[in-house]
Amino acid sequence: MMNRRDLLVGGTGAAACGLLNSMTGRADASTNGPKLREGVWDAHVHLSGVGGTVQQRVDQLLLHAGRFGIERLVISMGTSFVHDPSPEELVRQNDEVLQAIQHAPQQVLGMVYLNPKHTAASLSEIDRCVREGPMVGIKLWIAMRCHRPELDPIVRRAVELQVPVLQHCYWRTQENLPGESTPADMATLASRHPDAWFICAHTGNDWERGLRAIRSQPHVFAEICGSDPTAGFVEMAVREVGAQRVLYGSDAGGRSFASQLAKVYSAGLSEQDETMILGSNLRRLLQPVLRTKGALP
């Protein structure tokens, strides 16, 4: 098995540019060459961080993801980030994700981007993109902290449609951005909706605090994407919440596939735990909506 140093060194250049361009797979102890892992699903990917049209961006992401055997990318938000999007901006960004899905429907899944400040527009986008369209989840970023009651109608609609809510959560070394949620906010929202499924994106960046904040909520998944590939993140996640509640995500193209996979591959997990984190947990989470859409792999 490739050791942690080799894996991280191999992905350094990719992390700097936001895309993998050096490594071609995970080494296997039984062979002398790289072995691609099958069945990896990436829970957190964006169209930003790579260039070109929507279709060109998808092609670049899939090219590099394929080097690691990543089968599916869950894409949310459009080609540019807007902190507090208007209803019109939500439609524009979600249209770009719909284009991405249409371009590679067997490899790209999508989550609808919403702003809780615009309840009617957000519910309309859920209906357009999830109920009547191909998207399989809800993405919330930093327009409003997620502990607030304005999110309740969105979560209730998510429960109706059997889709998860992926909420960006951060604890910064300085003050958070206006409207930026923390894992504690996530736990508060989850406690009001025990019948919903949530993904705590980044597990707060300060993941030691983040894991402790969400561990009492069994319906909240800890997602590992976005931070530096520091040792201990995945190990602590498995210890604190169980491997069945941990999801691999890359945050590409802002982060590389390599640096985020390193967190999992270097953790010394059992094959069963590793498989759950790299794909089967996400497949299980999305199974109800994929079955509804007749899109089970």
Original post:
Taking the Cα centre of segment 4-292 as the origin, how large is its charge dipole in debye, to the nearest 20, when only Lys and Arg (+1) and Asp and Glu (-1) carry charge on their Cβ atoms?
Top reply: 360 debye
Original post:
In a GNM of the chain with a 10 Å cut-off on Cα contacts, which of VAL82, VAL40, VAL136 has the highest mean-square fluctuation?
Top reply: VAL82
Subject >> Reachable aspartates and glutamates, given that their alpha-carbon falls under 16 Å from the alpha-carbon of LYS117 and they are not under 8 places away in the same chain >> reply: ASP84, GLU88, GLU89, GLU125, GLU150, ASP152, GLU180
Subject >> 0 to 90° range, to nearest 10: angle between helix 183-192 axis and the chain longest Cα axis >> reply: 50 degrees
Subject >> Under 14 Å from the Cα of LYS263 - aspartates and glutamates, other chains or at least 8 residues apart >> reply: ASP6, ASP42, GLU223, ASP228, GLU235, ASP251, ASP273, GLU274
Subject >> segment 172-249: GluC sites (Glu not before Pro) falling in loop per DSSP and having at most 13 other Cβ within 10 Å >> reply: GLU175
Original post:
Where Lys and Arg each count +1 and Asp and Glu each count -1, what net charge lies around ARG131 among other residues with Cβ under 12 Å from its Cβ?
Top reply: -1
Original post:
Which one of VAL234, LEU151, ILE138 has its Cα pushed farthest toward the positive end of the charge dipole of the chain, where Lys and Arg give +1 and Asp and Glu give -1 at the Cβ?
Top reply: VAL234
Subject >> Simple Cβ-charge dipole of segment 184-251, Lys/Arg +1 and Asp/Glu -1, about Cα centre, in debye nearest 20 >> reply: 260 debye
Subject >> Residue-averaged [θ]222 nm for the chain, counting only DSSP H segments that reach four residues, each worth -39500 (n - 2.57) >> reply: -11500 deg cm²/dmol
Original post:
HN-Hα J couplings of segment 134-146 from phi, Karplus 6.51/-1.76/1.60, θ = phi - 60°, integer Hz, Gly and Pro as x?
Top reply: x, 6, 10, x, 10, 10, 10, 10, 10, 5, 8, 5, 7
Original post:
Antiparallel as a % of all DSSP beta bridges within segment 4-292, to the nearest 5?
Top reply: 5 percent
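Read-outs: derived from the displayed coordinates by stated rules, not from any lab. None of the values given here were measured: they were computed from a predicted structure. Here Cβ is always computed from backbone atoms with ideal geometry, including for glycine, and neighbour counts include all displayed protein chains.
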